[in-house]
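The values are calculated or read from the model by the stated rules, or taken from the named source; none is laboratory data. All of these numbers come straight from a predicted model, not from anything done at the bench. Methodologically, a virtual Cβ is constructed for each residue, glycine included, from the backbone with ideal geometry; neighbour enumeration extends over all protein chains shown. Note: accessible area is taken over every heavy atom of the protein model, side chains too, but ligands, DNA and RNA are not part of it. Shrake-Rupley method; radii C 1.70, N 1.55, O 1.52, S 1.80 Å.
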Amino acid sequence: MSPEKYSHTEIEAEAQKKWEESRIYETDLADTGKKPYYLLIEFPYPSGDLHVGHWYAFSITDIFARFKRMQGMNVLFPFGFDAFGLPAENAAIKRGLDPMKWTYENMESMRKQVRSMGTSFDWSKEVVTCSPEYYKWTQWLFSRLFEHGLAERKKAAVKWCPHDQTVLANEQVIDGKCERCGHEVEERLLTQWFLSITKYADRLIADLDGLPWREDIKDAQRAWIGKSEGAKIPFTIFFEQDLAANEWRDEEGNPARLVVFTTRPDTLFGVTYVVVAPEHPWVTAALDGEHDVLTNEDEVRAYVEATKLKTERERMENKEKTGAQLKGVMAVNPLTKEQIPVYVADYVLATYGTGAVMAVPAHDERDHEFAERFNLPIKEVVTDSGTLVDSGTYTGKQAREAMGDIVKEAGGERTTTYRLRDWLVSRQRYWGCPIPVVYDPEGKAHLVPSEHLPWKLPEDVDFQAPSGTSPLATSRELKERVERIFGEGWTPEYDTLDTFVDSSWYYARYLSPHDDARFANADLMKNWLPVDRYSGGSEHVTMHLLYSRFFYKALYDLALVPTPEPFYERFNRGLIMGPDGQKMSKSKGNIINPDDFVEKYGADAVRMYLSFIGPYNEPGSYPWKPEGVESMRRFLDRIYALRSKVGDADQSMEEQKTLARAADKMGTDIERFKLNTAVSSLMIALNSFESMGTISRASFDLYLRLLAPFAPYLSEALFENGNSQQSIHTHPWPTYDASLLEEETVGIGVQVAGKRRAEIFISPTASEEEAVAQAQKDPNVSRALEGKEPSKVIYRPGKILNLIP
Ligand code: ANZ
């Protein structure tokens, strides 16, 4: 190796060999001598190609894992693959590949790449969700949920692609179109499997309070759950056409009542019209019923049809309001008894609340826009301070306090609604975990008994021609298996589970990935759960993180896991953008392939660059600057060159102080994932070592230990520690004497108008303001100044301060 530059290929290969042979990153989970620390990253989907985002996710979290180990903790830092899922199946459909082979090959190449990053994952704990050894337990856990009424079959509206003949997950619908073929997606009513996450909605919100997560993460979960406390209030409906009346009366002959959901019953006196969603059953009945209830049926029908082309998201966006009045129908305000018009409008969603709203244009923005557009009255009923006005007997009362009475008098009831729906887990897909259910000849669902788990994914399937049912339905083997085990007339469940089910419990499996007798070892779970810190992407804050919390809570209620929450801390990393500051994408041509940089500058330089790019724990986005990696490599070369300054002398005071300052600052920064400023500390320390004539071997080794989490290869290569062969990565984080951190002070003379009045003790680097403030505290000085501010200050830091009155 040259004296100024090192060969990264050489040192990387050497270190990898050394680490693997000595298995230093394998965690003995039973070792209770050290404090356990469970650091988790979101396991990847084996797409095959590792991009910068993966590097950011794995190698930067690895810095923290190494740091915690150096602090003397027993760190569990495992790796695995979320290996079921669509891309494998699409490869099978498009290119006729075997999804299993495709997945396993991708995993193999990813393992190599992840190792090349210099990561310290414990590979002996690896889990792969598509392996029967894993999905046996996904099925077992599903079975427990089924037994306890938390997994059920029911009818639901799902997204359906008429071209591909398959149900799509919501996230596979892009702008109302099928992600795969671009065809318009429809809604269909189908019988599907659901996990009852809504039963946990309140606890999922309440338990957030006990978690030390950033507030924006908690808010995202709260918004996703969308709990609203309000009331249902009935409005009587009248028809202009008498003949309609019969159809619209209840069994006792009372006029029909349209129930709205509102969070603001206090505004009931300000309701000037009522709106129903285009899909509301009343609209359907008015259009398709026997009688002509509406005098403008054609207009309403056209509006309802037009709405079908819009997605829910489009409807929620703040665009110009549209709608149509239901002419021939009037609603009656239950308190004022006023007759008000009824509209159909797409800003009201059928899936939320009751699908009908009482419109209060004076106090609701959407209603206000709509009222302006359709020239409807706007009636104010609550003042800014919350007092009711123009509200009958309630006038003058506080809105908040009157709510209960208003609901009662209006014949309504208080209710709570949620945006969250039960979790639809059936997928008409091949490459997923088979739902462990069979049907008897009457069509009743039964669990596949435990002794038949894993309930294997059949291999004789045809994925080529989507037929509307799951590809599993084409397997003869599966049908025969069911009849052989359960009897004639019994049939299999053909759907597979949403892959979010697989990823809802993998962190428990890491503790005993090969245990054939239980899903996870209970003793180990007691010691290791919840996960201490879960690091991941902000895109997973709602679905994955919420599903996992629900799943784990359900297991907690079944006494299968030891705590009510799976993850103690949650950290979201920022996003790496292309060099142009835009999101990386093939179409923009701004994709960065980290392998090219690793080849040219080495993995350490890439790791250091990524840690320096910005604080890791903040929701920012950072553009990748190619020259940034190069300059990190130059920094590492300087460290390499520093070794030529290493001499026999003992550690100087200056060396000790330099190290103490760096270790102290870095310790706090790394703990909070502020790796960028930790790298700055390494740079400051290097500058100061370079300015010294020689440095001691001890100081150099200590500096390498500070560097070790960031640049595991170079630090390993340069570390000597008395020529021991031991890896630097088994050494502790440097400790230091706190007194070394104390700021030095020097005494400087203070003159007033050239006459010496006092001596003050301050840092030689103190600013002029600090020096003057300190001097003014001295009674001799303030007397000489007669309590006034000096008109002029002459200050030589560390030497003298002269104040001119
Ligand atoms: C009258 C009112 C007056 C309302 C006011 C709000 C403010 P959150 O808080 O999100 O739950 N709403 C009810 N059902 C709806 C539906 N299916 N589609 C669209 N909007 C619907 O929102 C609840 C409020 O949103 C409800 O309270 C209702 O408008 C509207 F000053 O009723 B409110």
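Kirkwood-type hydrodynamic radius, the range 602-754: 16.8 Å, calculated from all non-identical alpha-carbon pairs.
Centre-to-centre, using Cα atoms only, the range 632-664 and the range 504-556 are separated by 42 Å. In terms of overall dimensions, the C-alpha atoms belonging to the chain reach 105, 86, 50 Å along their principal axes, ordered largest to smallest. The three principal axes of the Cα atoms in the range 63-193 give end-to-end lengths of 56, 41, 28 Å, sorted in falling order. Taking the three principal axes of the alpha carbon atoms in the range 70-131, the coordinate ranges are 50, 21, 15 Å, sorted in descending order. In the context of the full set of protein chains, residues of the chain present 45 Å² of accessible surface per residue (probe radius 1.4 Å, heavy atoms only). Can you give the net charge of the other residues whose Cβ lies under 15 Å from the Cβ of Ser59, counting K and R as +1 and D and E as -1? Cβ neighbours under 15 Å give a net charge of +1. Under a 5 Å amide H cut-off, with hydrogens placed 1.01 Å from N, Tyr273 pairs with Ala359 among residues at least 5 apart or on other chains.
Just the Cα atoms of the range 640-696, one point each, no solvent: what log10 I(q)/I(0) does Debye give at q = 0.22, 0.25 Å⁻¹? Each listed q corresponds, in turn, to -0.83, -0.96.
Partner lysines whose Cα lies under 20 Å from the Cα of Lys755, excluding those fewer than 8 positions away in the same chain, are identified as Lys777, Lys788, Lys792, Lys799. Among the GluC sites (Glu not before Pro) found in the range 474-529, those both in a DSSP coil and sparsely packed, with 11 or fewer other Cβ atoms within 10 Å of their Cβ, are Glu488.
The label-point distance for Asn296 and Glu184, in a model that sets each label 7 Å from Cα toward Cβ, rounds to 2.4 nm. For a modelled paramagnetic label at Glu108, 7 Å from Cα along Cα-to-Cβ, no residue of the range 27-60 is in reach, as no backbone nitrogen comes under 12 Å. Taken over the range 713-772, the convex hull of the Cα atoms encloses 160 Å³ per residue. The peptide list 556-565, 527-536, put in order of mean Cβ contacts within 10 Å with the highest first, becomes 527-536, 556-565.
Once divided by 2.2 N^0.38 Å, the Cα radius of gyration of the range 402-526 becomes 1.56.
Per residue, the convex hull spanned by the alpha carbons of the range 199-348 comes to 160 Å³. Would you please give the FRET efficiency between Glu4 and Thr745, computed as 1/(1 + (r/R0)^6) with r the Cβ-Cβ distance and R0 = 56 Å, to the nearest 0.05? The calculated FRET efficiency here is 0.90. Stokes-Einstein, applied to the Kirkwood radius of the range 337-446 over Cα pairs at a viscosity of 1.306 mPa s and 10 °C, places its translational diffusion at 85 µm² s⁻¹. Counting Lys and Arg as +1 and Asp and Glu as -1 over every other residue whose Cβ lies under 12 Å from the Cβ of Leu706, the net charge comes to +1. The range 180-244 and the range 36-51 have Cα centres lying 31 Å from one another. When peptides 313-319, 276-282 are sorted by average Cβ neighbour count within 10 Å, with the highest value leading, the order is 276-282, 313-319. For the chain, the relative contact order comes to 14 percent (Cα pairs under 8 Å, sequence separation of at least 6).
Taking only the Cα atoms of the range 261-320, the radius of gyration and Dmax are 14.3, 38 Å. If you add up the charges near Glu297, with Lys and Arg at +1 and Asp and Glu at -1, over every other residue whose beta carbon is less than 11 angstrom from its beta carbon, what do you get? Result for the neighbourhood of Glu297: -2. A cut-off of 5 Å between modelled amide H atoms, ignoring neighbours fewer than 5 places along the same chain, links Val752 with Arg757, Leu803. Within straight-line reach of Lys657, meaning a Cα separation under 13 Å, sit the following aspartates and glutamates at least 8 residues removed in sequence or on another chain: Asp737, Glu742, Glu743, Glu744. Rounded to the nearest whole Hz, the Karplus-based 3J(HN,Hα) values (6.51 cos²θ - 1.76 cosθ + 1.60, θ = phi - 60°) of the range 635-644 follow the sequence 4, 5, 5, 5, 5, 4, 6, 4, 4, 6, with x at glycine and proline. Here Glu770 and Asp516 are evaluated by their C-beta separation; at R0 = 60 Å the FRET efficiency comes out at 0.30.
Once the C-beta distance of Glu488 and Gln165 is scaled by a Förster radius of 30 Å, the resulting FRET efficiency is 0.55 to the nearest 0.05. The orientation-averaged shadow of the Cα convex hull for the range 134-190, equal to a quarter of the hull surface, comes to 5.1 nm².
Pairs with C-alpha atoms separated by more than 31 Å, drawn from the list Lys17/Lys645; Lys154/Lys319; Lys308/Lys479, are Lys154/Lys319; Lys308/Lys479. Looking at the range 545-631, the pairs of alpha carbons with a distance over 22 Å make up 48% of the total. A compact globular protein would have a Cα radius of gyration near 2.2 N^0.38 Å; the ratio found for the range 281-406 is 1.20. Highest mean first, the peptides 692-705, 583-596, 603-616 sorted by other C-beta atoms within 10 Å per residue fall in the order 603-616, 692-705, 583-596. Across the range 472-488, coupling constants 3J(HN,Hα) worked out from phi with the 6.51/-1.76/1.60 Karplus curve, θ = phi - 60°, read 4, 5, 8, 7, 6, 4, 5, 4, 5, 4, 5, 5, 5, 7, 9, x, 5 Hz, and Gly and Pro carry x.
Per the 1.4 Å probe, what fraction of the accessible area of the chain, in percent, lies on carbon and sulfur atoms? Within the chain, the accessible surface is 49 percent carbon and sulfur.
Each 10 Å bin from zero holds the following percent of Cα-Cα pairs in the range 33-112: 17, 38, 26, 14, 5, 0. In this structure, the amide hydrogen of Val561, modeled 1.01 Å from its nitrogen in the peptide plane, lies closer than 5 angstrom to those of Tyr556, counting only residues at least 5 positions away or on a different chain. Rounded to whole numbers, the Karplus 3J(HN,Hα) couplings from phi for the range 611-620 are 6, 7, 5, x, x, 6, 9, 10, x, x Hz, using 6.51 cos²θ - 1.76 cosθ + 1.60 with θ = phi - 60°, and x at Gly and Pro. Pairs exceeding 23 Å between alpha-carbon atoms, taken from Lys155/Lys218; Lys218/Lys674; Lys155/Lys327: Lys155/Lys218; Lys155/Lys327.
Summed over qualifying helices (DSSP H, 4 residues or more, each -39500 (n - 2.57)) and divided by its residue number, the chain shows a 222 nm mean residue ellipticity of -10500 deg cm²/dmol. For the range 531-573, backbone nitrogen atoms closer than 15 Å to the point 7 Å from Ala223 Cα along Cα-to-C-beta are found at 538-543.
Over the range 310-383, all Cα pairs binned in 10 Å intervals from 0 give whole-percent P(r) values of 17, 52, 28, 3, listed from short to long.
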